[in-house]
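Visitor: Handing you a structure now.
Quick note: the coordinates plus some simple rules give every number you see, no bench work behind them. None of the values given here were measured: they were computed from a predicted structure. FYI the Cβ positions are ideal-geometry reconstructions off the backbone, even for glycines, and counts take in every protein chain you see.
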């Protein structure tokens, strides 16, 4: 009897509990398997996207490499990519396959004459549920194709805009318009339509309340140096060239007289006649705001007049009237603070530096007419004071009121305050000789300034009575002679 | 003297629960890792597109600068996937220009700085590099 009672007390091990345990264990296994599979699936998908992204990027980079060889090789349509016999990328077929089942298609669409929109799609399919794609896009433009510089071994006057006794001083060209300063009473700034260089025409004239001297342009903002004693610097919005809008003006400190102006980034450089003996400021920098207002940032003493400014890296080169340094170097920080680095003393004379320009590692300084050669060319490879090798010299036909050079530093353009040989073109590539290649004799008065339009390969010669647009007339394209 | 009753059923159930909890934790961790891998794949794609957006801005800036040396940048373009922003072009004239381009796609941002030695007639580049933050090459 007691033995029978002990057997009935074993309730924890019934069949029902065993089945319950198995069921719970089964549910756990199912849930675990599901989450494991999901996790694995997500990992694989992530890997697919990474590989797909890199393959799509490869399509874009291949297109970029093809464009670097020739922009014309980027043809509209759908392409695959491959390698030619020399290992360079080419377009091949209309798709390319990579191991792992990845298919890449590069779609090229033209957007204007100089821009191609590249879109690459890399797709994959691994069964019913596992497919995907990555799409990347970028623009490629035709910035690598070199522009053509004409043969400046001879010149031709393409067109002329005349205005008697206008005393044209400086010009700057943007698109189809040239902004030109002059000494006309009640004027000072002209806007010329030069879309057809053979017949430049006046679009509008602006009263600067004084004579207009040098110009600088930043985007659609024009800066003009004038002799208005109450507001030497005038700032205009020229978004609509036919209607310049005055944004602001700036009165240089004290009795300062402005003569020169230049712009770099969001800094405006202004040079002029040194003020009083106790405060001999002659170079200023201004921060340009988005609305065109100017905030003084730096000032530098200079006992000479800053007749012209050219920029080279973090230095400003000044054509100076200071006898001890006709070429003055000023250091400038990113915030516009100025410091005098030093200068080069052309000890052969005390004539003033009137004009300055840079091209590559060359700096051109134009001087007043004297018994000595008016053009001085410096090597500015080193950022310090230019010295050896050089400088080199060339005889001008008068005071060199304007100098410039093409981007290859092959041709030097010299404007002299002279009718005869008002423009000289010299071989800048061979500094030891600086051979005169050609000249232009002005019939509209003495030259007063010069502007070389790099975009259109034109020279704007500013004279007493006219703006003359000169173009290369030699056969074929120009080359460093 | 009587033996205490044995309870093997409860030990079995307890074992099942403990093992189940361990397996559930492990699989949940692997699930999260998988989701992370999938998000990483999308982030890589966004990063590549952000870089290409910056390249697009740089290409456009060079083309526009060659057409007009007074071009000053300071513009944001909306592209097919993201945006790109050009800072004010550094320098002035035909020599010594600086281009700073920033591309955005999703949450990724990438930046490129270009030092242009000469713009015309042939554009010569001194450096074209991705940077973490812009230097003083270009004003803001």
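Visitor: Over the range B:11-131, what is the relative contact order in percent, taking alpha-carbon pairs closer than 8 angstrom and at least six residues apart?
Guide: On the way: 200 pairs, mean separation 24.8, N = 121.
Relative contact order for the range B:11-131 comes out at 21 percent.
Visitor: If you don't mind, there's one more thing I want to ask. Please report A:320, B:68 as a ranked list, fewest other C-beta atoms within 10 angstrom at the top and most at the bottom. Before the final figure, lay out the partial values.
Guide: Working: A:320 30, B:68 14.
Ordered from fewest to most neighbouring Cβ atoms within 10 Å, A:320, B:68 come out as B:68, A:320.
Visitor: Please work out whether the range A:395-458 counts as rounded, prolate or oblate from its C-alpha gyration tensor, where a ≥ b ≥ c are the square roots of the eigenvalues and a/c under 1.5 means rounded, while otherwise a/b larger than b/c means prolate and anything else oblate? Provide the component values of the computation, followed by the final result.
Guide: On the way: a/c = 2.12, a/b = 1.31, b/c = 1.62.
Taking the square roots of the gyration eigenvalues as a ≥ b ≥ c, the range A:395-458 is oblate.
Visitor: Please state the relative contact order of the range A:310-443 as a whole percent: Cα pairs under 8 Å, 6+ residues apart? Display every interim value, and only then the final one.
Guide: Working: 358 pairs, mean separation 20.8, N = 134.
Relative CO of the range A:310-443 lands at 16 percent.
Visitor: Something else about it: To the nearest 500 deg cm²/dmol, what mean residue ellipticity at 222 nm is calculated for chain A from DSSP H runs of n ≥ 4 alone, each contributing -39,500 (n - 2.57), summed and divided by the residues? The partial results should precede the final answer.
Guide: On the way: 2 runs with 62 residues, N = 481.
Helix contribution divided over all residues of chain A: -4500 deg cm²/dmol.
Visitor: If you don't mind, another one. Which residue, B:83, B:118, B:56, has the most motion in a Gaussian network model of chain B that connects Cα atoms within less than 10 Å?
Guide: Comparing B:83, B:118, B:56 in a Gaussian network model of chain B, the most mobile one is B:118.
Visitor: By how many degrees, between 0 and 90 and to the nearest 10, does the Cα long axis of helix B:8-67 differ from the longest principal axis of chain B?
Guide: Approximately 0 degrees, to the nearest ten.
Visitor: Would you tell me the mean number of C-beta atoms belonging to other protein chains that fall within 10 Å of each C-beta in A:140-150, as a whole number? Walk me through the intermediate numbers first.
Guide: Working: counts 4, 9, 4, 14, 7, 4, 6, 6, 1, 3, 0.
Mean partner-chain Cβ count within 10 Å for A:140-150: 5.
Visitor: Another question, then. Fully extended, how many nm does the chain gain between residue A:477 and residue A:240 (0.36 nm per residue separation, minus their Cα-Cα distance)? Don't skip to the answer; put the middle values down first.
Guide: Numbers: separation 237, 0.36 × 237 = 85.32 nm, distance 3.44 nm.
Result: 81.9 nm gained on full extension.
Visitor: Among A:263, A:180, which comes first, second and so on when ranked by fewest other beta-carbon atoms within 10 Å?
Guide: Numbers: A:263 26, A:180 30.
Arranged by neighbour count, lowest to highest, A:263, A:180 become A:263, A:180.
Visitor: Please average, across the residues of B:14-23, the number of beta carbons from any other chain that are within 10 Å of each residue's own beta carbon, and give a whole number.
Guide: 4
Visitor: Still on this model: In whole percent, what relative contact order does chain A give with Cα contacts below 8 Å and a gap of six or more residues? Intermediate values should be presented prior to the final figure.
Guide: On the way: 1226 pairs, mean separation 49.9, N = 481.
Once normalised by length, the contact order is 10 percent.
Visitor: Please check: in the Gaussian network model of chain B (C-alpha springs, under 10 Å), which one of B:105, B:47, B:27 has the largest mean-square fluctuation.
Guide: B:27
Visitor: Going by Cα centres, the range A:222-264 and the range A:62-88 are how many Å apart?
Guide: Cα centroid of the range A:222-264 versus Cα centroid of the range A:62-88: 49 Å apart.
Visitor: Just to be sure I understand the model, the point goes 7 Å from the Cα along the line to the Cβ. What's the resulting residue A:296 to residue B:77 distance in nm?
Guide: Rounded to a tenth, the inter-label distance reads 4.1 nm.
Visitor: Could I have the simple spin-label model distance between residue A:70 and residue A:202, label points 7 Å from Cα toward Cβ, reported in nm to one decimal?
Guide: Placing both labels 7 Å beyond Cα along the Cβ direction yields 5.0 nm.
Visitor: Select from B:21, B:43, B:54 the residue whose mean-square fluctuation is largest in a Gaussian network model of chain B (Cα-Cα springs shorter than 10 Å).
Guide: B:21
Visitor: Going by alpha carbons, how many degrees (0 to 90, nearest 10) lie between the helix axis of A:15-69 and the longest principal axis of chain A?
Guide: Roughly 20 degrees between the two axes.
Visitor: Another one. Name the shape class, rounded, prolate or oblate, that the alpha-carbon gyration tensor gives for the range A:283-325, where a ≥ b ≥ c are the square roots of its eigenvalues, rounded holds for a/c under 1.5, and otherwise prolate holds if a/b is larger than b/c and oblate otherwise. Display every interim value, and only then the final one.
Guide: Working: a/c = 2.79, a/b = 1.98, b/c = 1.41.
Taking the square roots of the gyration eigenvalues as a ≥ b ≥ c, the range A:283-325 is prolate.
Visitor: For the residues A:451, A:393, what sequence is obtained by ranking on other C-beta atoms within 10 Å, fewest first? Can you show the working numbers first?
Guide: Details: A:451 22, A:393 17.
With the fewest neighbours first, A:451, A:393 line up as A:393, A:451.
Visitor: Also: Let's test the formula: R0 of 56 Å, r as the Cβ-Cβ distance of residue B:40 and residue A:420. What FRET efficiency results, to the nearest 0.05? Walk me through the numbers before you get to the answer.
Guide: Details: r = 74 Å, r/R0 = 1.33.
Calculated value: 0.15.
Visitor: Quantify how strongly other chains surround peptide A:57-70 by giving the mean number of their Cβ atoms within 10 Å of each of its Cβ atoms.
Guide: Numbers: counts 7, 0, 0, 5, 2, 0, 0, 3, 0, 0, 1, 0, 0, 0.
Per residue, the average neighbour count from other chains is 1.
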